[in-house]
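> My structure is below; once you've seen it, I'll send some questions.
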Amino acid sequence: MIWPTRTLALIFLVPSLLSLAVLLPGSRVLWLALFGLDAAVLLVALIDLVSLLPSLRMRADRRCGLSASIGEAHPVELTLINEANRPRLVRVRDDVPESFEANPAEFLVTLPARGMATLECRMTPRRRGSFALRRVYALEFSRWRLWQRSRRIAAETGVRVYPDVRQIDRYTLLARRNRLSVMGLRRSRRAGTDNEFERLRDYADGDEPRRIDWRATARRRKVTVRDYQVNQSQRVIFLIDSGRMMAGDTGGGLSPLDHAFNAMLMLAHIALIRGDQVGLMVYADRVRAYVPPSGGPKRIERLVHAVHNLFPVLVESRHDRAFVDLERRCRKRSLVVLVTNVFDEVGGRQVLDHLGNIVGRHLPLGVFLRDADLFTLADAGLDPIDDPGASVEQRLYAPAAAAAMLNWRERVIAAIRQRGALALDVLPDDLTAPLINTYLDVKARHLL
């Protein structure tokens, strides 16, 4: 499709405005001048149009990684090949999915005759899932940029966007530098000692003096401590709710379910490097994904692939089905990490009963994600002097209802702890560090 550019429209605007002068007395000379100007503009436009009529033979090649992380800039390289014998000015835009942000969004490039141009941009995905970049959109201009023609060039590439795995690399780097406190992780002291020697390593702040190996210290001329193995080959199984309670936006386009997956992957990585086995069950009204407990370096890839295309569904979660399926599949004692939220009496009672029922056979940990808006509303308390236009509902009823819900929620969590289960009550943004600290505390106290 060919149509005029804004430049040609502005050029035609000049004789259009001059045509108003023909209304003045003695304007016959202006008629001739205006006619000549129109003819000249039309001739220039036609000549420029002829330069665009030959079809531009152009191919496009896209190079990018097939896997990306949510929120991480993903480099993309576009190569445009001009197979025609004349150069062409082209405005190019890639087929960016709606949930992606491209920087830069478009390019203005001159393709040489029988040549190519390489363009680089960075796409930042804001949503997990599988996406297809099917084509490249090009807008080619005529020689004098008075006309333009749109083209669609086939170039299909599939990209899978996974949960944020950058935190794993960050953890590894900080662990090597002994600076895990930057991530909010604390060192856990083991209750009692394990007798199986594991390795010798350099002394670090917080190590117990009684673990110093004085012979190795004298030999190496550096303070050296002994490490002992903790219990390994234990199981950590995640039960992650993906129902309506895990939907919504907590900021940055991330839902509570996204934060749950990110924290799960981080804890799974730590558990795997400590020799434990990790499994996963994602459920809503039914079990939507299941990864059996296992260890090994490939387990993280299996977990990432299992959850990358799972999103919250607006249905009521069936906790009973998830726990029945858990009992059928996993009979060995495990740390069962349930990540969900409770807002009503029925859901709270189900979570309380099922977590309490597996105490003894497993070690349950209930992780409840807070709603930041609910806490903000409970603390609102509008002053009628400062806000004279606020209604009674805004000043009193809504904050009171929010506070009552939070009190009920706290009673449910306290009852879960009384039944012998562990419980965490955190904001989705702050989930990762408390969850890992709880796991480290469980390992240190030999609760499994």
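The values are calculated or read from the model by the stated rules, or taken from the named source; none is laboratory data. This one's a predicted model, so the numbers in the text were calculated from it and none came from an experiment. Neighbour counts are summed over all protein chains in view; Cβ atoms, including those assigned to glycine, are modelled from backbone coordinates with ideal geometry.
> Kindly evaluate Val324 against the criterion of being assigned to a loop (DSSP other than H, G, I, E, B) and surrounded by fewer than 19 Cβ atoms within 10 Å (Cβ to Cβ). Explain how you work it out, then say what you get.
Working: assigned to a loop (DSSP other than H, G, I, E, B): no; surrounded by fewer than 19 Cβ atoms within 10 Å (Cβ to Cβ): yes.
Judged against the criteria, Val324 is not a match.
> Any residue in the stretch 284-312 that's under 23 Å from Arg331 (Cα atoms) and touching a residue at least 24 places away in the same chain (Cβ under 8 Å): show its pairings with residues that are acidic (Asp, Glu) and in a helix (DSSP H, G or I) at Cβ separation under 9 Å, as long as the two are six or more apart or on different chains.
That search, which allows pairs on different chains as well, returns Val287/Asp325; Tyr290/Asp325.
> Looking for something free of Cβ contacts under 8 Å to residues at least 60 places away in the same chain, out of contact with any helix residue (DSSP H, G or I) (no Cβ under 7 Å at 6 or more places or on another chain) and part of a helix (DSSP H, G or I) - is there at least one such residue anywhere in the stretch 62-80?
No, the conditions are met nowhere in the stretch 62-80.
> Something else about it: Do the conditions hold for Arg128, that is, is it outside the structural domain of Asn262 (by TED's automatic domain parsing), at pLDDT below 85 and either in contact with a His (Cβ under 8 Å, 6 or more places away or on another chain) or not aliphatic (A, V, I, L, M) (or both)?
Working: outside the structural domain of Asn262 (by TED's automatic domain parsing): yes; at pLDDT below 85: no; either in contact with a His (Cβ under 8 Å, 6 or more places away or on another chain) or not aliphatic (A, V, I, L, M) (or both): yes.
Answer is no for this residue.
> Can you name the number of the only condition in (1) buried (at least 17 other Cβ atoms within 10 Å of the Cβ); (2) within 30 Å of Leu13 (Cβ to Cβ) that Val161 fails?
Checking Val161 against (1) buried (at least 17 other Cβ atoms within 10 Å of the Cβ); (2) within 30 Å of Leu13 (Cβ to Cβ), the one that fails is (2).
> Just checking, which of Ile212, Ile273, Ile300 is out of contact with any strand residue (DSSP E or B) (no Cβ under 9 Å at 6 or more places or on another chain), of a type in the set (Val, Ile, Thr) and surrounded by fewer than 20 Cβ atoms within 10 Å (Cβ to Cβ)?
On the way: Ile212 fails: out of contact with any strand residue (DSSP E or B) (no Cβ under 9 Å at 6 or more places or on another chain); Ile300 fails: out of contact with any strand residue (DSSP E or B) (no Cβ under 9 Å at 6 or more places or on another chain).
Checking each option against the conditions leaves just Ile273.
> Which members of the stretch 215-265 meet the condition of being buried (at least 24 other Cβ atoms within 10 Å of the Cβ) and among the hydroxyl-bearing types (Ser, Thr, Tyr)?
Once the filter is applied, which keeps residues that are buried (at least 24 other Cβ atoms within 10 Å of the Cβ) and among the hydroxyl-bearing types (Ser, Thr, Tyr), the stretch 215-265 yields only Ser242.
> Count, please, the residues in the stretch 240-253 that happen to be over 18 Å from Leu374 (Cα atoms) and either of a type in the set (A, V, I, L, M, F, W, C) or assigned to a strand (DSSP E or B) (or both).
Quick first cut of the stretch 240-253, residues over 18 Å from Leu374 (Cα atoms) only: 240-243, 252-253.
Next, from what is left, pick out any that are either of a type in the set (A, V, I, L, M, F, W, C) or assigned to a strand (DSSP E or B) (or both): 240-241.
So the count comes out to 2.
> Related question: Which residue out of Ser294, Ser317 is polar (S, T, N, Q) and within 23 Å of Ile413 (Cα to Cα)? Walk me through how you get there before you give the answer.
Values: Ser294 fails: within 23 Å of Ile413 (Cα to Cα).
Sole residue among the options that is polar (S, T, N, Q) and within 23 Å of Ile413 (Cα to Cα): Ser317.
> Does the stretch 226-237 contain at least one residue that is within 30 Å of Asp320 (Cα to Cα), under 21 Å from the mean Cα position of the chain (by Cα) and polar (S, T, N, Q)?
No - not one qualifying residue is present in the stretch 226-237.
> If you don't mind, there's one more thing I want to ask. Could you tell me whether the stretch 37-44 includes any residue that is assigned to a strand (DSSP E or B) and either at pLDDT 85 or above or aliphatic (A, V, I, L, M) (or both)?
Here is the first cut: in the stretch 37-44, the ones assigned to a strand (DSSP E or B) are none.
No, because not a single residue in the stretch 37-44 is assigned to a strand (DSSP E or B) and either at pLDDT 85 or above or aliphatic (A, V, I, L, M) (or both).
> Considering only residues that are aliphatic (A, V, I, L, M), part of a loop (DSSP other than H, G, I, E, B) and modelled with pLDDT under 90, which ones fall in the stretch 254-301? Spell out how you get there, then give the answer.
Restricting attention to the stretch 254-301, the residues satisfying the condition of being aliphatic (A, V, I, L, M) are 254, 257, 260, 263-268, 270-273, 278, 280-282, 284, 287, 289, 291, 300.
Applying the additional criterion that residues be part of a loop (DSSP other than H, G, I, E, B) yields 254, 284.
Scanning the stretch 254-301 gives a single hit, Leu254.
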